Every structure is written in C-alpha cells, then in structure tokens.
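Notes follow the structure.
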Number of protein chains: 4
Amino acid sequence: MAVNGYGTIGKRVADAVALQPDMELVGITKTRPSFEARHAQEKGYPLYVAGEGKPADFETLGLKVAGTLKDLFAKVDVVVDASPDKVGKENRRLYEAAGLRAVFQGGEKPEVADASFNALGNFAACRGKRMLRVVSCNTTGLARAAAVLDPNWGVDHWDATLIRRGADPAESKKGPINGILPNFQLPSHHGPDVRTIFPDLSISTTAVVVPTTLMHVHVNHVRLKRAPPGSEAVLEAFRRTPRFRLFAAWEHADGTPQVMEYARDRGLGFSDMMENVLWDAGLRLDGRDLYFFQAIHQESIVVPENIDAIRAIFERAPDGRSSIAMTDQALGLRPP
Amino acid sequence: MAVNGYGTIGKRVADAVALQPDMELVGITKTRPSFEARHAQEKGYPLYVAGEGKPADFETLGLKVAGTLKDLFAKVDVVVDASPDKVGKENRRLYEAAGLRAVFQGGEKPEVADASFNALGNFAACRGKRMLRVVSCNTTGLARAAAVLDPNWGVDHWDATLIRRGADPAESKKGPINGILPNFQLPSHHGPDVRTIFPDLSISTTAVVVPTTLMHVHVNHVRLKRAPPGSEAVLEAFRRTPRFRLFAAWEHADGTPQVMEYARDRGLGFSDMMENVLWDAGLRLDGRDLYFFQAIHQESIVVPENIDAIRAIFERAPDGRSSIAMTDQALGLRPP
Amino acid sequence: MAVNGYGTIGKRVADAVALQPDMELVGITKTRPSFEARHAQEKGYPLYVAGEGKPADFETLGLKVAGTLKDLFAKVDVVVDASPDKVGKENRRLYEAAGLRAVFQGGEKPEVADASFNALGNFAACRGKRMLRVVSCNTTGLARAAAVLDPNWGVDHWDATLIRRGADPAESKKGPINGILPNFQLPSHHGPDVRTIFPDLSISTTAVVVPTTLMHVHVNHVRLKRAPPGSEAVLEAFRRTPRFRLFAAWEHADGTPQVMEYARDRGLGFSDMMENVLWDAGLRLDGRDLYFFQAIHQESIVVPENIDAIRAIFERAPDGRSSIAMTDQALGLRPP
Amino acid sequence: MAVNGYGTIGKRVADAVALQPDMELVGITKTRPSFEARHAQEKGYPLYVAGEGKPADFETLGLKVAGTLKDLFAKVDVVVDASPDKVGKENRRLYEAAGLRAVFQGGEKPEVADASFNALGNFAACRGKRMLRVVSCNTTGLARAAAVLDPNWGVDHWDATLIRRGADPAESKKGPINGILPNFQLPSHHGPDVRTIFPDLSISTTAVVVPTTLMHVHVNHVRLKRAPPGSEAVLEAFRRTPRFRLFAAWEHADGTPQVMEYARDRGLGFSDMMENVLWDAGLRLDGRDLYFFQAIHQESIVVPENIDAIRAIFERAPDGRSSIAMTDQALGLRPP
C-alpha cells in the first residue's frame, strides 16, 4: 500500500502499516523537502514526489526519489490518502483511473467514498467496499463511545460539547493565542458525521475552539434508554472495550497535559495516545442520565482506524474486533 | 459605604459606587502597597490599612493612610467585602460586631449571608436583608439568563457546559499554559449555586478550565416547557432585558477576543463588559430545545450586582428593574 | 484631517486627533461594516467607504455613509494612513493626486515618505515635510530610548533582543499557541529602521516571537561612550523624559500582565499604555555597560507620534518637546 | 545505582541508565502513587518508597514496593538525586551517612557537591570526585556552546538573553497564560553558574519567562577573541561536536514547535531532544561578533550529562569525549 501525503496523519499511518504483519508499505509521497522527508528516508520508506514537487529539489539535498505518483500507483493495491482537506476529492479520480482502492480521511465529505468507517462502529457494513472514509478525530471519538453505550443501554439523546484544540503542536501560524472562539454552526457538523456510522443516533454537538495544541475534550450528556445498574457498570463497559483508556484518580492524570505526559512515558510512536481517554472520576450516572468527559488526541486517534479500514476493504479480517486486535497488538496498544 | 479588599472586584465596585448618585464611598482597604493603592489615592479614595498591613509601609512611599479597619467601620453603614475567597467568612464577625450591613462575593459559601442575590433574579426577596451575597460570575451569568427564559417559556431542564478562563489577566502565576483541565466535580457547584436564586430550577452544569484570561464561555442547552414562536422571539427577549448585549453577525465580534476589543472601544472603566454577551448567530431553537452560547467577563459582571445589592439592603429601590436602571445609567451601560 | 483605515492604529489616532485643541477630525474610512464602524458612528465620526466597500452594505445596517474617499479627500489637508501594511504605498499616489499631505505607518518602507519620524528623535528634521512615516512600534520604543541615552552619555553600541507578541488581542487567527519562533533575519530590520531616525547609531537587533498578545519586551544591552555616575542617574534621565513610565518595585507591576492591568486602572482610551515602560529594578549599570528591560504596547505607542507628525508637517509647534507637551496633555499622559 | 525522585528528570535518568551497558539500575523512589509509578513498575524498575510516602498506599493499588530508602541505599554505590529543588541539600546528609556517591541537579546550589559538572566542559576536572552537580538545563546549554567556541576562537565577552518556558508540559498549575515576565535579577544567575564550569568566562545573562511549555531559546551575542574564517566554519565546529543538532533551512524546523515535532518523529524516549538545537539560518558572524540562537529542551538536556557524571565519579571513562560517545550511542543520539 501507499501513503499519499506524509504529514501529521500520513506519517503515522505509514509507521502503523510498517508494523502490521499483513501489510507492506511500498512508498510515501511528499511535495517538498523537510525534516519529515529526511526522516522517512532514514526509516527506509521509498519517497515519491507528488503534486507540484520536483524530484531535483529533493535529490539536491541528498534525498533519494523513487519516482512519481504514477510510478507508485503502479506498484500498490490501495492508497491511504492523507492529503490536506478537500484535496482527497480530487485525488479520488487518480485512484479510480489507476484501478486502486483507497482510504480517505475525515476532512473530506462523506461522498468521497463508498462509506464512512469506524472500526468499532460499522466494520461489517464496510467489508468489501473499494473506497472508505475514516471519519475525523472528533467523530471517531464519539463513534467509539456510541459503540459502547448504544448496544448496552440504548441512546435516547446525546448532547456533546466539543472543546477543540486551536492548532496541532507544529502548526505555529494558527491561533488563537488568548481567547475562546464559539463555532456558530449550531449544531456542529460532528453530529451528522457520527450518523454516517450510526444512522439512527440522536446526537447534537456544539463546538468551541480554545488556545491549546494537545487534545480535544468532549463534555458528554447522554440520556440512555435503559438505566445502567450503576456508574461502575458503565466504566467497566468502557474498560472492556479496546481503544479506551480510563485513568484512576490515584494516577493523577488530571487533564490533557498529564494525559499526554503519560503518552510520552508509555513511548509509542510520536508519543501518541490513540485511545479515547476517560477518567473514572469524570463520569457520573444519574438514573438514565450519563455525564462524562473524554479526551481525544487529534493527531493519532484515527491511525488504527486507517489500518482497520484497509482490512475491511480487502476482507482480511472476519469482523471489527479481530481486526482491532491485530492492529492494536502490532501498534503496542494494551488489549482491554 | 466602604470596600474591604481593593483587588479585581473591589476596585471596580469602588469606582461603581463613586458613580452612583445615591451612594458615597467613604474608603477602601489595602494590606500592602501596590500600583493599585497608588491609583486609589490619585482618585481620591481614602485608604485604610487592613489585615497584617502596617500604615508605615504605605506612608514611607507617599501613600496617605486614613486609618485602620476600625476607623473605617465607624464611618460607614455598609461594607462590600471583596476580600479573597473564604476570608469574607471571617470578616463577617467584624461587620456584625460593628453593627454593619454587608455585601459578600460568590467565593464565599451561601451561609455567609442572609441570602444570595442577583438583581434580575431575586431582588424582591432580598429587600431589607442585612447581609447579602452576590453570586459568582458564572452563577450571575446563568441566573440572568434564567431570569429571561423561565418567566417566558418555563425551563424544563438546563444543561450548561462552562468553559472557564484559567486566570485573570494579571494573575500571571496561574496556568494552565497549554491544556484543558476537566473539573471532576460532576455536576459542578454552579448548578446548586443558581438554585440559591431560583430554588426550583432544574439545571446541571459541567466545567473545564482552558488557557485564556479574557472571559468564560457557557454552552447552554435548555429544554423549555413551552416552545417559543421562533428563535427571533428568544433573541428579542434577551435584547429587551438589561445587562445583555447581543452581537449581530455583521459586527464580527466572533469570539471572546473580539468582544473584549469591543469593550475597549466602548471605553467603560477598566474596559469592562458587564453584560452577558450573546451572539445572534450563536442561538438555535429546535422546538422546545434552545441552544445558545454566552460569554461572561469574570472580572466585571458582578459589579453592577453589588450596587443593586446595596440598594436591596437599604430598600432604596422599589424593585430590581428600578435599581438596575439607576445603576446602569450611572455606569454608562446602554438601556435595552 | 482624515484617518484612512479604521483598525487598531486608525481608531486610536482618530480619537487622539479628536482630543487635540488644534486639529479637526473630518472623517474616517472603513471597507466593511463591523462593531468598530458602529462605534465610530456613535462617536460622531463621519464614515467614508474605502476600497472595495459599498455604501449600501453599511446603510442597510443603519450605518450612515458620508461619502467616498474622493469626497473625503476634498475636505481635508492631511491624511493619516493606517491601512494594512504595504497598502500605504499604493495610497500615496491617491494622496499626491489630491494634493494632500500624509502620515504613514511603520509597516511601510521608508521610501513611502519624505522622512521617517519620531517625536523625541528627529522632530526638527521633519518640520515642513509633506509626507512623513511614523516608525513602527518597536522602532519607536528604541528611538525614544536612544533619544535619552545618546545625548547624555553617547552610545558606543546597542544590542537589543526583541521579544515580540505573536498577535494583537483581537487577531485570533494568528499564532503561535505554544512555542517560540526565532526571526532568522539577523540582525532584524529594526536596527536599520532606528537609523532612519538616528543615522549614526550603532545598534543591532534580534527578534523572536512568543505566544502573547499584550506587549513586546526589549532586552537591551547598551555600551555607552561615557560612564553615567550611577544607575539612579540613568533612571532619572528616563523619568525626566516624556513618554516614559517607570515602575517602582513596590508597585508590583512585575511583568506585562501587570503593566496592562495598570493601564486598565488608569483608564485612558482603549486601556492603552502609550509610554515606554521601564522598571526601576529592571535596569543595571556596570561601568559603561547598561542593561535594561523595556515593554512596548504595540497597539498604542505610535499614536501620540502620529499627532506630533501632523504638527511637524504643518510646522505648528516650534520643536518636538512643545508638540509632545501639547499632545500628551490632550491625551491625559502625565508630564514627566 | 539508584534514582531518588522519579519525576521529570528522574524518570529520564532511570531509562538512560537502563540503556547503558556499564550501569545497573537497582531502584527508583516515589513518595506517592501516580501513573508514573505504575509505568515504572511496568518497566520492571523496583520501586522504593521515599519521604512521607507509605508502602501501604502503593500496595493497595497493586504497586509492589521493594522497600524504603534505607533498603535501597544498602544495595547501591551511587544515587542520582532528582528530588525537587533544594531537597537535594538535605538528602546529601543521607547519602554521606550511607557512604554513597551522588549526582545532584542544577536546582541545588553549587555547594551541594564537590564540583559542578558538564561533560563537554570539565569532565577531566571532575573525575574521581564523590559528589557532582550537573548544572541546570540553561547552564548546560551555555556550557556546551562555550566548549565549542572558547577553545576555537576564545570568548572576549558573551551576552545571552534566555527566553524561558513558563512551565513544563505537565505543570498545569503554573503560568503565565498570557504575558512576558522579566527576571529582575540582572544579570541572571545563569552566568555565574556557567563559571562553575568555565571559571574565566566573561558572560552575562538576562532572562524572561514566556507562556510556552516546549523549550527555552537563547539569543546569543558572543564577541570572540579571534575572528573565525566565516560563519560556515562556526557552524561546522558546532556540527562536529556531539550533543549539537543543526537544522538546515530546507528542513523547515523553524521554531520550537517544529523542533519538538522532529523529536517526536525521531522517537527517542519521551520524544526528547537532548541536544542543543541550532539553526544554520540562525547564526551570523560579523568579524569577531557572533550572533546565534539555540533552543534547549529543558526536560531532557541534562539526562546524558547525568550519565557522564556517574562515569566521571567512578573514573570509568578516560575523558569526556569517550564517555559522551558511550552515553550517546546507548541513548540513540547520532554521533557528529
């Protein structure tokens, strides 16, 4: 397979593919030289020049170029498109012309692919499709949580306030530096996006942007259809599910700075935190009303989902749980 | 009257009292010299030394000291206590011993006073009490909004997510610098605090802290008992109420940075924004479900409420609306 | 006179002109409606539509339009150009065609005007010119300090590190949110820019950008030609000069957050701080080596300079000190 | 050896020791349970309870306790003291009483140890001492650079402005959120601290604190005694020295956010950046005057120095370069 676009998501997917026993990374693409291109080279990933990039610009700097997009497409079965938002739509034509399957990211509209995808949410429905779209980081976080709550107790209605990070850590041109920016799209697009995975889910979402780079935080109020026996039962349901990490109060992971510190201690690639993060102390059940916080690492949460999307396309796993188990073991994520 | 504690709230209340036609500021208190003490002097506010402060420390620096707390208490009828959180509780004994009436701030527990106070919310019930507590900035913001929605359409249930500023602009020792900190008190104390004003209101609140100094933002979902005719009717109800400022989309006051820029343009004292801030584009009605953002300037929103609380104590205004009109005219706030 | 461009600088210059006894504000220009346009209207400033703006867009919203640029130009003698960086260069042709004098801002290149201007630095040399350019905020801060040090003790060499705010308070799209960005222009353009005022000054400057909105801070090391008698003599030289504000240690204005808090207490327009800010404790003299910090409020420091530049053009003041005294009294700045 | 205090520095030193072929980590100490204690356990580091901590508090949570400080001290030859600032001074008595050698951190005063240490700077002078103090992160960064410049061209005088991060990433209680805080200690303590390594170096340092968590940045102006042949020669001298990482312009590592992004790509423990970071474009030579930026990762830069300090104490390496080569190879740092 190939990764088209070696940025925040692309470089992570490339590493993740390289770790899978049943996948082979044939190449990655860049449009201009950077420390990331150099590092890809050092890791042995063949580098193909995309877009307006010129091979000579790379070669002058000692970066070996394996070819162009066309060369790359001739060698692979599937492309993970991790190009900037909205560029994927244009790329789709290239993939179709080359007879390739493809995985797109959540920055594209749902129409870019045959279906939107979340491993816990709708793996079965996506098996055998040629083109899948992994939903965005916030939507993935909500869909994973819905995959726990809906089957167990039914969701009557879900209200989520999304407190979004202003920029990724290395996006130093973006603000805000000091202030809170409400998103006047009411409800925000995340609710409809979750329904690309769970079509019948009643969910409305509201978003604000704040001056931080680390993680998003979701403040959730879910009215369930059936009252769980207690908050511990809900916590345990999350704990038993892959791709959730719950922190106990004594661990003192009290906010997103401490959660990302934990991630650095743990030491997976890029110090990532690919799980939905919940806190035992940050969940309260009041009859059928469930309140809980969850934190979402915007840079990495969709990485394992991209891997599972490839398996869904090629029907290489019988169901979502099997694919998740393979993916997570290869990535070093602890099974539940 | 006197202001005990000349910090963020105290200095604003002192200026606000000085602007009222029916009140006289007799003095303010400080425990240590600072540019704020100097400025109080320049404005002609007699300075009394409180706590562990020593008059000599001030006089050495050319700051004239009018006396001690005891001297001040002998000259006034009422004290606005703007001392640090929890100190008010201890001060209450001093005020009682001196036969004084007092207004406390929301950092104190409700038991510090005979009643908790909000001008739009429960002025009538507070008339004639000797000791009142102005509820905190976030609670004041919620109570004002409740005073609009509850009489008009009834509140079935209110969910509010409070996105709190990490520190005031000059509190440079406090963080966080980069991160989101959930408040694990679920629901947060703000809901019960609103019920000190509206005892029957069904409200649950959740809070997070973010790295900004300017304003809090509330994300509200209110299920009303009766459906309003449309969102414009709700906007108009807010517009017709004092202490609300609604921004039209074309004004481009798109977030808290722009709102505080507007406040600087407007030029009231300290560049304050004493109103609840709503945005026309930031309110959506879906049957009985109302979603809206409001921004709260934590430093100043309670200032007019302190003035009204004094009037309630002395029964100097027949009702809340009359007191509000007097206060706001003196402060330069535009009537609705 | 007219203000062309009613943004951060323009709105301040408009207010400052309105306060001067010897100047008349005929109108301001805007290209699109905003809360700032509305506020200009409320203050009674006639509003002219500039650039691609359409009068109808304003009038629909109840904002009265007095005319176009052409109409405005027919009524004034001088324009303060406060349009975005580099646009002033194009505007110059319009001013010339209309036979107008003009004051430009420091975002333009020196060639835009007949001379670059700083009131303490080179008022005399600028008298009678038709077109002046007020140097940028950082350059103004350095030029003012040079106007104190150079005449008194001579400057052998000046090294300044400029720690720049990332964005103005309302520029919420700009970062960085978390990080320090060195400016690889070594030395930065500020040194040469100071030499447009003091041609012989040996100064080299280095700049970094940090995540704050309040003020710039300059870290200065000046090797003087003659050793001052002591640090107190240097402090006193700054104190005796207009447009400097020195904070004593006991005032506890320990950083830019506290300085801007002081500015809000003081209550000049926009809570501005138009003086160079120094700290008594932030200056050290070691023989001929002088080290000192100064903070610069990027939004307002050039405002009084624009007023003086107008007086220089029309030769309405015999020298810089006289103009400064008139300007500062009208603005409410304390004389030294 | 043992690590006393398993926080930001301690956990890194523990991992670094575990990677060295000639050292054995016998245990680490914690005073209270946390996610870090749990992770230490998962890595197999025996956990000893220090200070006021109680073994039962750990064991209840499933964290196995190997013993107390006393037990630990009986098993080791040397302790790396990574306890909070100023606690090391008290700990020294314990180490002496137990007959142990020790390495302290730069938060302690120089008197805590027999000598202050920097691997490039004064390894030879420290060989065989019983107690060493690794200088602080900023001082280590300056000392390393001095070890390059002084032998090659001589340092006439060095002026450094240190732009310090306000807090480490997980220190979410510390500010400032928005503002620049000058350090009124002029010159700052860093200059004298560098002279504990290079006693004759003429250096004066000035510091400010800014709202970022990632790295410090030093703005250096060094007047050399002898003019280098050109800036490329200086860059090459840095490149040839271990523990320096220079970024080329084409790598687009333009500020501290991008440098730490590179560190996450590289993937050493904790996504650390243990080298002094310089930029090719961020160095300018003007005769004998050298200007350059360097960025310092405050959390990790002293980690390899602690390893070398242990080798110096036990005379396990003939000189600094040999020890550095061993340390860096084990840590995965690229040789120059």
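The values are calculated or read from the model by the stated rules, or taken from the named source; none is laboratory data. Keep in mind it's a predicted model, so treat the numbers as computed, not measured. Methodologically, a virtual Cβ is constructed for each residue, glycine included, from the backbone with ideal geometry; neighbour enumeration extends over all protein chains shown.
Some notes on this structure:
- Given (1) modelled with pLDDT under 95; (2) away from every other protein chain (no Cβ under 14 Å), index of the condition A:F104 fails: (1)
- Restricting attention to the stretch D:190-211 and to residues that are in contact (Cβ under 8 Å) with a residue 12 or more places away in the chain and more than 14 Å from chain C (Cβ to nearest Cβ), the residue that is farthest from D:Q105 (Cα to Cα) turns out to be D:L201.
- Residues (more than 25 Å from A:Q329 (Cα to Cα) and either among the polar types (S, T, N, Q) or touching a Lys or Arg at 6+ places or on another chain (Cβ under 9 Å) (or both)) located in the stretch A:20-31: A:T29, A:T31
- Filter pass, C:A18 being within 14 Å of another protein chain (Cβ to nearest Cβ) and within 24 Å of C:D272 (Cα to Cα): yes
- Residues considered: A:A167, A:A125. Of these, the only one that is closer than 21 Å to C:K173 by Cα and out of contact with any helix residue (DSSP H, G or I) (no Cβ under 8 Å at 6 or more places or on another chain) is A:A167.
- B:F123 being hydrophobic (A, V, I, L, M, F, W, C), within 22 Å of B:D319 (Cα to Cα) and touching a Cys at 6+ places or on another chain (Cβ under 7 Å): no
- C:D308 vs. criteria modelled with pLDDT of 95 or more, in contact with a Ser or Thr (Cβ under 6 Å, 6 or more places away or on another chain), away from chain D (no Cβ under 14 Å) and not in a loop (DSSP other than H, G, I, E, B): yes
- Looking across the stretch C:221-231 at every residue that is more than 9 Å from every other protein chain (Cβ to nearest Cβ) and closer than 15 Å to C:F293 by Cα, the one that is surrounded by the most Cβ atoms within 10 Å (Cβ to Cβ) is identified as C:V222.
- Pair list, Cβ under 6 Å, 6 or more apart: the stretch B:56-71 residue within 13 Å of chain C (Cβ to nearest Cβ), other residue surrounded by 14 or more Cβ atoms within 10 Å (Cβ to Cβ) and part of a helix (DSSP H, G or I): B:L61/C:W250; B:L63/B:A37; B:L63/B:Q41
- Condition check for A:R316: assigned to a strand (DSSP E or B), out of contact with any helix residue (DSSP H, G or I) (no Cβ under 7 Å at 6 or more places or on another chain) and either within 30 Å of D:G7 (Cβ to Cβ) or more than 14 Å from chain B (Cβ to nearest Cβ) (or both): no
- Scan of the stretch D:80-138 for residues that are within 13 Å of the chain's Cα centre (by Cα) and hydroxyl-bearing (S, T, Y), ordered by number: D:S116, D:S136
- Residue match in the stretch A:116-127 (condition: farther than 20 Å from A:E275 by Cα and among the basic types (K, R)): yes
- When B:V259, B:V302 are screened for being surrounded by 21 or more Cβ atoms within 10 Å (Cβ to Cβ), closer than 22 Å to C:A40 by Cβ and touching a residue at least 40 places away in the same chain (Cβ under 8 Å), only B:V259 passes.
Table: residues versus (1) buried (at least 23 other Cβ atoms within 10 Å of the Cβ); (2) charged (D, E, K, R); (3) within 30 Å of D:T213 (Cα to Cα); (4) free of Cβ contacts under 8 Å to residues at least 12 places away in the same chain.
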{"site": "B:V112", "(1), (2), (3), (4)": "no, no, no, no"}
{"site": "B:C126", "(1), (2), (3), (4)": "yes, no, no, no"}
{"site": "B:A145", "(1), (2), (3), (4)": "yes, no, no, no"}
{"site": "B:T161", "(1), (2), (3), (4)": "yes, no, yes, no"}
{"site": "B:Q185", "(1), (2), (3), (4)": "no, no, yes, no"}
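- Checked against the criterion of being crowded, with 21+ Cβ neighbours inside 10 Å, touching a Cys at 6+ places or on another chain (Cβ under 9 Å), at negative phi and modelled with pLDDT of 95 or more, the stretch A:211-218 has at least one qualifying residue.
- Flag if C:L235 is more than 21 Å from the chain's Cα centre (by Cα), away from every other protein chain (no Cβ under 12 Å) and crowded, with 18+ Cβ neighbours inside 10 Å: yes
- Among the conditions (1) outside any strand (DSSP E or B); (2) touching a helix residue (DSSP H, G or I) at 6+ places or on another chain (Cβ under 8 Å), A:D150 misses just one, which is (2).
- Residue list for the stretch B:19-49, restricted to those being within 23 Å of the chain's Cα centre (by Cα), surrounded by 17 or more Cβ atoms within 10 Å (Cβ to Cβ) and under 21 Å from B:R101 (Cβ atoms): B:Q20, B:M23, B:L25, B:V26, B:G27, B:I28, B:T29, B:Y45
- Residue in the stretch B:325-332 that is buried (at least 21 other Cβ atoms within 10 Å of the Cβ), free of Cβ contacts under 8 Å to residues at least 60 places away in the same chain and out of contact with any Phe, Trp or Tyr (no Cβ under 7 Å at 6 or more places or on another chain) present: no
- On the stretch given as the stretch C:168-181, residues that are surrounded by fewer than 24 Cβ atoms within 10 Å (Cβ to Cβ) and over 22 Å from the mean Cα position of the chain (by Cα) total 2.
- Identity of the residue in the stretch C:9-18, farther than 12 Å from C:D328 by Cα and β-branched (V, I, T), that ends up nearest to the chain's Cα centre (by Cα): C:I9
- Every pair of residues 6+ apart whose Cβ atoms lie under 6 Å, when the first sits in the stretch C:263-284 and is within 24 Å of C:A119 (Cα to Cα) and without any contact (Cβ under 8 Å) to a residue 12 or more places away in the chain while the second is in a helix (DSSP H, G or I) and among the aliphatic types (A, V, I, L, M): C:S271/C:A263
- Number of the exception - B:D156 against (1) in contact with a Pro (Cβ under 7 Å, 6 or more places away or on another chain); (2) over 27 Å from B:F270 (Cβ atoms): (1)
- Odd one out for B:A147, checked against (1) more than 13 Å from chain A (Cβ to nearest Cβ); (2) under 21 Å from B:I9 (Cα atoms); (3) of a type outside the set (K, R): (2)
- Of the residues making up the stretch C:160-167, at least one is charged (D, E, K, R), within 14 Å of chain D (Cβ to nearest Cβ), under 16 Å from the mean Cα position of the chain (by Cα) and not in a loop (DSSP other than H, G, I, E, B).
- Filtered residue count, the stretch D:1-55, keeping only those that are farther than 25 Å from A:D254 by Cα, in contact with a Ser or Thr (Cβ under 8 Å, 6 or more places away or on another chain) and not aliphatic (A, V, I, L, M): 1
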